[in-house]
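Peer 1: Here you go, one structure.
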Amino acid sequence: MERTVLPPHPGLIGSEAIAPEFIQEDQLKKFRPGFSAAWLVAPSAIWLVLFLVLPLIFIVVISFWNYSLSGMVPGFTLEHYVEYFTSSIYSRTLLTTLRYTFTTMVFCLLLAYPIAYFLAMVVKTYKWQMSLFLVCMVPFWTSYLIRAIAWVPMLGRRGLLNNVMIDFGIIEKPATFLLFSEFALTMALVQLYVVLCIGPMFFSLAKIDKAIIEAARDMGASSLQIFRQIILPLSLPGVAIGMIFIFVMIMGEFATAVVVGGGKFSVVGTLINQYAATANYPRAAVNAIFLMIGMMIGVVFIMKLVDIRKQL
Amino acid sequence: MKRKQAKSARNAAKGMTRRHFLGTAGKTAAVGAVASTVPLFNIVKAADPTRTVGLAVSVINEVQMKASDDLGFPVRGQALGYGAMFGKMLNQNDQYDIAEGYFNDMDVMWPSGTWQPIDTRRIKDWDKVSNLTKTGRLSPDSNPGQGDAPFRQIWLDGNGKRTLNGPTRYITMVPGWHNADSIGYNPDETGRPITSWGDLFHSDFRGRVALLNIPQIGTMDAAMGMEALGLIKFKDKGNMTRSEIDKLIEFLIVKKQEGHFRAFWESFGQSVNLMTSGEVALESMWSPAVTAIKAEGVKCIYASPKEGMRGWHGGMSISAKLKGKALDQAYEYINWWLSGWPGAFVARQGYYMSVPENVKKSLPAVEWDYWYDGKAAAQELPDPYGDIIVPKGEIRDGGSYWDRFSNIAVWNSIMDENDYLVKRWNEFLSA
C-alpha cells in the first residue's frame, strides 16, 4: 500500500503558498530508527485510561449499585434505570437541556459565522486578522463565572438596560423578563460560547485557497455562487468542530442556569449535582450516563452532516 | 535542599502505607525546615499533623494557625463546599482525622460507620456544653423543634447505636458552632416588617421573592411558610411524608407559575447579590449574609418569624480509622475548640458556640453583650479580622441567644424520603 504524507495545505493564514514537495513515508521511517511512535502516545494514553476511561467505567458500574441513605452498597440492581424511565422528570430535564443547547447553537452559528467570515475574508492583512482574532478571545481573560455574573447588572431590575428604557420612556416599570428567565439564560449562553466557535470557523475559512476564489471569479461566478459552492462547503468542517465544541459544553453546563437563569430551570447538570450532594451517586451516575449518550448521539449526528476527516 | 527532602521522603515511603508516607513526608519536610534555620544538632521531631475537614464556617486558616500554636502539633484544615464535604466525610475517612460536620447529616454518616464513638469523659468541658444539644432545651420551657435536632442525634447506647435516651457516656459528635436561619428583607422594599414565614408567599411580594435552592433546606423554609398560611399542618417538617411533599410541591408549582419567585439561590454570594442589586425584597437567607448586605450599604433586616427559625448545628466527629497518638491529638483539638478562643472567633462572624460560659471568658464584655445578649452595641465592633462591621448602637436581629434558640421551629434534616424530595423539587424547578 502506498501512502504519501501530504504537504501543508497552501494558503494557511500568514503563509504564502509553498510548492509542495512530496515526502515518501519510508523516508520518514529512516528518521531515528528504533524509536517507536508508541512512546509518544503512551503518556497521553495512560493519562486518558487513568483519568477518563477508568472513571467512566466506574460511573457505569456504580449506576447498578444499591443506594441507601447511609451510602452505596456494591451490588446489581436495575432500580435506578427503572426509576429513570418510569418518572418523566429525568427525560424531561434531558429534553429541556437539549432544547437550550440547540437554541444556543443556532444563535451561536448565526453570530459566529459572519464574524469568522469577516476576519478571514474581509480583513486583508495577517496582522489585523490576528489582532482582531485576539480581541475575540479577550472574554477568556476573565473567569467564566464573572462573565456570567456580569449579566446581572446589565439585565437586572436596576440594570443598565432597564434604566435606559425607563429614562427614554419606553417602559414605566422595570422589565423583569430580562433576567432570571429563559431569555436571559439563552442570551448568556450565546455570549459565553460564541467565542468558542469563532476559532474553528475562522481557521477553516482562512485555510481556503484564495486562488480558487479568484479562479471562480475569473470564470464569471457571482459572489453568491462562490459562497455557496466554494466557501461554504470548504468551511463546513470548521463549523462542525465549533458546533461539537459548544454542544458538548452546553449540555454539561449548569452554572449559568443558576446564576443568570436564577436557578429557575432544571438542567441535567443541576440534577446530577443535587443527587451527588447527598451522595446518591448511583442515581447521579444514571443521569450522567444518559447525558453522555445524548451527547454522543449529538456529536455523531453533527459528524454525519459533515465529514470532518475528509474535508480537513 | 528540596530535592534532598523529596529523596528522603521517597526512601521513607518504601514499604509504607500512603497514610504513613504522608505523615513521614510532612515530618521530613518539617525537620528540613527546622534544620535550615537552626544548628544541625538541634533537630526537633515534629508531630504528625491533625487533619480536619469541613465547611468554611469552621475550617478557617486563623483558627488552625492558633490551634497549631496552642497545641504544639500542626493542624491542617480543608474547607470544602457542602457536597464535596459530605462525599469526603462519607467515603474517605482515611483522608481526615476530624470531621467538622453537621448533626443533620448523622442519618447518613453514623450508620455508614465512617466515624467512631466519642467518649465524653475525655471531653474536658463536657459539663459546660449547654443543654441545647443534650436535652434540646436551653430553658425548661424551650421548644426543642422538629427535625434532626442535635439532642436526637448525639447519644449512643452501649452498642454504638444512636439512642434518644440520653445522657449516655458516648456520643456521635461534640457540639460546636451553630445558628438559626430565617428570612432577610429590605424594609424599604417590603414597606412593613416581616414577622412570619408566610410572608414568603404573600401576594404583595409577587416576583420579589427568592428561595434557597438546596432541596433539603429549601423545602423546610417553604413548608414553614405554607403552614403559617394555615394551608397545611405537617406532622414533622423535618421528616415529611410523600403526600406532604406532594402537597408542598404542588403549592410551590402554582406559586412559581404565578411568577411569585424571582430566583433560587445556591450560594451565600448569590443571596447577597440578589438583595444588593434590588432583585428581591425578601428571601430565605443565612444570617452572615445580612452583615454582608449591610456592608454594601443596602438596608437589610433578619426577620425573627413568630413560628420560630430553622436551626442548624455543627460539631466535631472523629474518623473511625483513628487510634493511638493521632486519636489523642484529635481529642486535644476538640477540647481546644471548646476552650473559648475559637468560640469567640466565630462569635464575631455571628455564630454561636456550644459552651457559652467559656466564650464569655474570651470575649470582651461589649462584644458578648452584642453577639450573645442581644443588647445594643456600646461601641463599634469588629469581625474576626478586625474590620468594623457593627456600628455603635446597633441591635442584633432576633434577640438574645437564649430567645433565638428557645424557639426553633425545625432543625436542618435529611428526610427519609430524601430521594423523592430531590426529584419533586426538580419538578418544581422545571415547572
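The values are calculated or read from the model by the stated rules, or taken from the named source; none is laboratory data. No experiment lies behind these values; they were computed from the predicted model shown. Quick reminder, even Gly has a Cβ in these numbers, built from the backbone with ideal geometry, and neighbours come from all protein chains shown.
Peer 1: Report the residue count in segment A:259-312 for those that are assigned to a loop (DSSP other than H, G, I, E, B), closer than 19 Å to B:Ala84 by Cβ and modelled with pLDDT under 85.
Peer 2: Residues flagged as assigned to a loop (DSSP other than H, G, I, E, B), closer than 19 Å to B:Ala84 by Cβ and modelled with pLDDT under 85 within segment A:259-312 amount to 2.
Peer 1: Name the one entry in B:Val366, B:Val390 that is hydrophobic (A, V, I, L, M, F, W, C), surrounded by 17 or more Cβ atoms within 10 Å (Cβ to Cβ) and either within 14 Å of another protein chain (Cβ to nearest Cβ) or in contact with a Leu (Cβ under 8 Å, 6 or more places away or on another chain) (or both).
Peer 2: Testing whether each residue is hydrophobic (A, V, I, L, M, F, W, C), surrounded by 17 or more Cβ atoms within 10 Å (Cβ to Cβ) and either within 14 Å of another protein chain (Cβ to nearest Cβ) or in contact with a Leu (Cβ under 8 Å, 6 or more places away or on another chain) (or both) leaves just B:Val390.
Peer 1: Given the condition more than 14 Å from every other protein chain (Cβ to nearest Cβ), in a loop (DSSP other than H, G, I, E, B), under 26 Å from A:Tyr144 (Cα atoms) and out of contact with any Ser or Thr (no Cβ under 7 Å at 6 or more places or on another chain), answer yes or no: does some residue in segment A:239-258 qualify?
Peer 2: yes
Peer 1: Looking at this structure, is A:Ile208 in contact (Cβ under 8 Å) with a residue 40 or more places away in the chain, aliphatic (A, V, I, L, M), over 30 Å from B:Ser430 (Cβ atoms) and not in a helix (DSSP H, G or I)?
Peer 2: Taking the combined requirement at face value, the residue satisfies it.
Peer 1: Checking A:Gly220 against (1) touching a residue at least 40 places away in the same chain (Cβ under 8 Å); (2) outside any helix (DSSP H, G or I), which test does it fail?
Peer 2: Condition (1) is where A:Gly220 drops out.
Peer 1: Taking only segment A:232-268 into account, find how many residues are surrounded by 20 or more Cβ atoms within 10 Å (Cβ to Cβ) and more than 16 Å from the chain's Cα centre (by Cα).
Peer 2: 13
Peer 1: Just one of (1) assigned to a loop (DSSP other than H, G, I, E, B); (2) under 24 Å from B:Pro288 (Cβ atoms); (3) of a type in the set (A, V, I, L, M, F, W, C) trips up B:Leu164, so point out which.
Peer 2: Looking at each condition in turn, B:Leu164 falls short on (2).
Peer 1: Can you pull out the residues in segment B:181-213 that are within 12 Å of another protein chain (Cβ to nearest Cβ) and either buried (at least 21 other Cβ atoms within 10 Å of the Cβ) or more than 30 Å from B:Gly81 (Cα to Cα) (or both)?
Peer 2: Across segment B:181-213, the qualifying residues are B:Glu189, B:Arg206, B:Arg208, B:Val209, B:Ala210, B:Leu211, B:Leu212, B:Asn213.
Peer 1: Moving on to the next point. Restricting attention to segment B:119-131, does a residue exist that is in a strand (DSSP E or B), at pLDDT 95 or above and within 18 Å of B:Leu327 (Cα to Cα)?
Peer 2: Within segment B:119-131 (the criterion being in a strand (DSSP E or B), at pLDDT 95 or above and within 18 Å of B:Leu327 (Cα to Cα)), the answer is yes, since at least one residue qualifies.
Peer 1: State the number of residues belonging to segment B:249-267 that are more than 9 Å from chain A (Cβ to nearest Cβ), in contact (Cβ under 8 Å) with a residue 24 or more places away in the chain and out of contact with any Lys or Arg (no Cβ under 6 Å at 6 or more places or on another chain).
Peer 2: Residues in segment B:249-267 being more than 9 Å from chain A (Cβ to nearest Cβ), in contact (Cβ under 8 Å) with a residue 24 or more places away in the chain and out of contact with any Lys or Arg (no Cβ under 6 Å at 6 or more places or on another chain): 6 in total.
Peer 1: Of the residues A:Ala288, A:Ala279, only one is more than 14 Å from every other protein chain (Cβ to nearest Cβ) and either hydrophobic (A, V, I, L, M, F, W, C) or crowded, with 17+ Cβ neighbours inside 10 Å (or both); which?
Peer 2: A:Ala288
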